[in-house]
Amino acid sequence: MYDPTSDWKDLTPQQAIQLQQQSASQVITRDDLPTITTVAGVDVGFENRDIARAAIVVLRLADLKPIDYAIARQPVPMPYIPGLLSFRECPVILEALAKLDRKPDLLLCDGQGIAHPRRLGVASHTGILTGLPAIGVGKSRLTGTHGPVPDDKGAWVPLEDKGETIGAVLRTRQGVKPLYISPGHRISLPTAIHYVMACVTRYRLPETTRWADGIASGRGWKWLDQLPERR
DNA sequence: GCGACAG
DNA sequence: ATCTTGTCGC
């Protein structure tokens, strides 16, 4: 099977861009989803400049309680280059996903989905590589323009680029910076917004992201105490 | 040529 | 992403 961990070895930025242009044509922006029972938060943190740590936390959509999780560590393959983030994070993410006992129905990844210069942000790339439905949940903008976002929870405005709507700038909570939501794979923008809001409680970030962030960033291993037993 | 630029 | 505590405001 295609293994980015080895196949992306010594990839030049130019080659990575070509790969993105090919893969982008495989992204599905229509709803092609199973019944969503579980959602997973996906995030990557760095122990230092050489080691990346991916954390995946699976939550039951009904009550947003964690039912499984996995962590993976790998040497960082390449430096951070805006637009090429997935080549840095996908390898570790795939390893962590493979360790899960319960495969999630939907992934909520840190970063962009199709709201990317070549329409292939980490969420889309992860979706293509795993075949799983995915949503991009970015804390800041990579590309695209938009008007002011009303200051009401749930309010959003389209994020556009080159004449097309590539995502939504969503106010998950009143009085906070909005989030950049975009389809990753096998999901439409309206449905993506729906599921992100379904994972939001009283904070700016959806619970999926909060759990994954807490574990991936090394601090708060206190979070682990609340996680279920693994078999 | 001059900025902008997910994590 | 990461270095880092308390503090101002709804």
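The values are calculated or read from the model by the stated rules, or taken from the named source; none is laboratory data. Predicted model, so just to flag it, every value in this text is computed and none were measured. Glycine also receives a Cβ, built like all others from the backbone with ideal geometry; neighbour counts cover every protein chain displayed.
Couple of notes before you dig in:
- Test: A:Gly163 is surrounded by fewer than 22 Cβ atoms within 10 Å (Cβ to Cβ) and at positive phi: yes
- Hits in segment A:10-56 - residues which are farther than 16 Å from A:Thr191 by Cα, of a type in the set (D, E, K, R) and in contact with a Ser or Thr (Cβ under 8 Å, 6 or more places away or on another chain): A:Asp43
- Here is the figure for segment A:50-86: residues that are in contact (Cβ under 8 Å) with a residue 40 or more places away in the chain and either in contact with a strand residue (DSSP E or B) (Cβ under 6 Å, 6 or more places away or on another chain) or hydrophobic (A, V, I, L, M, F, W, C) (or both) total 19.
- Filtered residues of segment A:200-216 (kept if closer than 19 Å to A:Phe46 by Cα, aliphatic (A, V, I, L, M) and more than 10 Å from DNA strand C (Cβ to nearest atom)): A:Ala212, A:Ile215
- Some residue of segment A:60-70 being among the hydroxyl-bearing types (Ser, Thr, Tyr) and either more than 10 Å from DNA strand B (Cβ to nearest atom) or part of a strand (DSSP E or B) (or both): yes
- Restricting segment A:73-82 to residues that are part of a loop (DSSP other than H, G, I, E, B) and crowded, with 18+ Cβ neighbours inside 10 Å, the residue that is nearest to DNA strand C (Cβ to nearest atom) is A:Val76.
- Considering segment A:132-163, and only residues there that are among the small types (Gly, Ala, Ser) and without any contact (Cβ under 8 Å) to a residue 40 or more places away in the chain, the residue that is nearest to DNA strand B (Cβ to nearest atom) turns out to be A:Gly144.
- A:Leu97 passes every criterion in (1) without any contact (Cβ under 8 Å) to a residue 60 or more places away in the chain; (2) closer than 21 Å to A:Arg118 by Cα; (3) within 19 Å of the chain's Cα centre (by Cα) apart from (2).
- Segment A:182-229, subset modelled with pLDDT of 90 or more and basic (Lys, Arg), residue farthest from the chain's Cα centre (by Cα): A:Arg202
- Verdict on A:Asp105 being more than 10 Å from DNA strand B (Cβ to nearest atom), more than 12 Å from the chain's Cα centre (by Cα) and closer than 20 Å to A:His185 by Cα: yes
- Just one of the listed residues (A:Asp68, A:Asp43, A:Asp63, A:Asp32) is farther than 30 Å from A:Arg202 by Cβ and acidic (Asp, Glu), and it is A:Asp32.
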